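Only the coordinates and a few stated rules stand behind these numbers; no lab work does. From a predicted model like this one, the values you see are computed outputs, not experimental measurements. Note that we place each Cβ from the backbone using ideal geometry, even for glycine, and neighbour counts take in every protein chain shown.
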Amino acid sequence: MAGIGDLRVSTQTLPLPITQRWIISRNQDLTWFIGSGAISYAVLGLLAGGFPLTPLFLIWLVGIDGPHVLATVTRTYCDPAERRRLGSLLWVVAPAMAVGPFLVAAGAESLFYIFAIGWLHFHIAKQHFGFIMLYKYKARERDRLDFLLDRWFLLSSLMLPFARFAARAFFVSLMANPWAQRAEMLLMALYTVLAGAFVLRQMDKWRRGMSLNLPKLMLFAVVMPLQWVTFGYAATVPADGIIRAGVVLGLFHSFQYHRLMWFHNRNRYGGATERSSGMAAVLARRFAYYFAAAVVLNLLLSILPGRFSPSPYLKAALWGLPFTHYILDSVIWRVRGNKELAAALRLS
């Protein structure tokens, strides 16, 4: 198992209440799974300081976020064993690409994009919680109270800022209703109580000499303020605030994903043959092969079609690629009952 293990002291003293168990290693985790949030903070600072959005958006779309969506292909469609396991689910791409054009034709284009953006941010929140669960597994945290607090505090910390922004950006008349304003105040009050409960729980564990999961808490400390500050900034630029927020938050999300995917692919397919693991084995030989495949697929399937055809139907259809990514990701990263995944992530 990767990690530096529990710190040990004399048997005459209590153990230090800190657990440091990492997914890959301390340096790798701090660089990619936690520290890459610094890139999002830096880009947020650039945008808030007046740096133009377009070059940052293009770098994000073509070279980082777009390829992370198609990187899922490297361990699903490219792996014959995963194709057999997933079966008909791999065909979800067809209805996923059809829903957008259908809603555009039905005159519900705005509703479709609100739905798409909402699913995007929920997907980002779920990935961060996935990393929290990996750190909990590594630290052998099994307390039910900690699980519930971690889950609901993280998800509410990531989705509540988006919900408040979206309500004001997309449902202006609704937010003018006194009932909606009271509902928002109630949600913020409940969130404050939840935040207080989370902090008090950590203090209580420290006081009682129980181990605190340092990597997990560091991820909390990086991602939660990033979410609140990003959507607070996005609200000040209503014309393209949602795009700016997507770039900032998507960078952290994508760097995490690329590193975890490469860690998985290298461990699972690195010693495999093309005969046994198909193209997945070829792409796992070098990071350059993996990343080039993701970039090229993004260009061929997403960027170029959207560039050469301004049709609103095609634009909506291309959202089917991220939708497929969201659906497949909700299945392929489930460790329970998947011994190959557990071994590839060094959890077994």
A correct Stokes-Einstein calculation for the chain, using the alpha-carbon Kirkwood radius, 4 °C and 1.567 mPa s, returns a whole-number D in µm² s⁻¹ of 59 µm²/s
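At 24 Å minimum axial length over the Cα atoms and a Kyte-Doolittle cut of 0.5, report the qualifying DSSP H helices in the chain, or say none.
Taking the DSSP H segments of the chain (at least 24 Å long, mean hydropathy at least 0.5), we get 144-170, 214-234.
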What relative contact order, as a whole-number percentage, does the chain give when Cα pairs under 8 Å and 6 or more residues apart are counted? 35 percent
Place the peptides 236-248, 187-199 in order of packing, highest mean first, counting for every residue the other Cβ atoms within 10 Å and averaging per peptide. 236-248, 187-199
For residue 311 and residue 114, extending 7 Å from Cα along the Cα-Cβ vector and measuring point to point gives, in nm, a value of 2.7 nm
Tell me what the chain gives for mean residue ellipticity at 222 nm when only DSSP H runs of n ≥ 4 count, each as -39,500 (n - 2.57), the sum divided by the residue total, rounded to 500 deg cm²/dmol. -21500 deg cm²/dmol
Residue by residue, what Karplus-based ³J(HN,Hα) values in Hz, rounded to whole numbers, does the stretch 18-29 have, using 6.51, -1.76 and 1.60 with θ = phi - 60° and x for Gly and Pro? 10, 10, 10, 10, 10, 6, 10, 6, 4, 5, 5, 5
For the chain, with only Lys/Arg (+1) and Asp/Glu (-1) charged at the beta-carbon, what is the dipole magnitude about the Cα centre, in debye rounded to 20? 1060 debye
Below 28 Å Cα-Cα, how many Lys pairs turn up in the chain? Only count pairs eight or more apart in sequence, or on different chains, if you could. 14
Check: C-alpha center the stretch 249-310 vs C-alpha center the stretch 313-348, spacing in Å is 13 Å
Pull up all non-local amide H partners of residue 18: gap of 5 or more, or a different chain, and H-to-H distance under 5 Å with H placed in the peptide plane. 212
Just check the stretch 68-127 against the gyration tensor rule for me: Cα atoms, a ≥ b ≥ c as the square roots of the eigenvalues, rounded for a/c under 1.5, and otherwise prolate or oblate depending on whether a/b exceeds b/c. oblate
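First measure r as the distance between the Cβ atoms of residue 191 and residue 39, then evaluate 1/(1 + (r/R0)^6) with R0 = 30 Å and state the FRET efficiency to the nearest 0.05.
0.65
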Go ahead and run the numbers for FRET between residue 105 and residue 58, Cβ-Cβ distance against an R0 of 25 Å, rounding to 0.05. 0.25
Per 0.36 nm of contour for each residue apart, how much would the distance between residue 330 and residue 26 grow if the chain were fully extended, relative to their Cα-Cα spacing? 106.8 nm
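Over the stretch 276-348, consider all pairs of different Cα atoms and compute the Kirkwood hydrodynamic radius from their mean reciprocal separation; express it in Å, one decimal.
The Cα-based Kirkwood calculation yields 14.8 Å.
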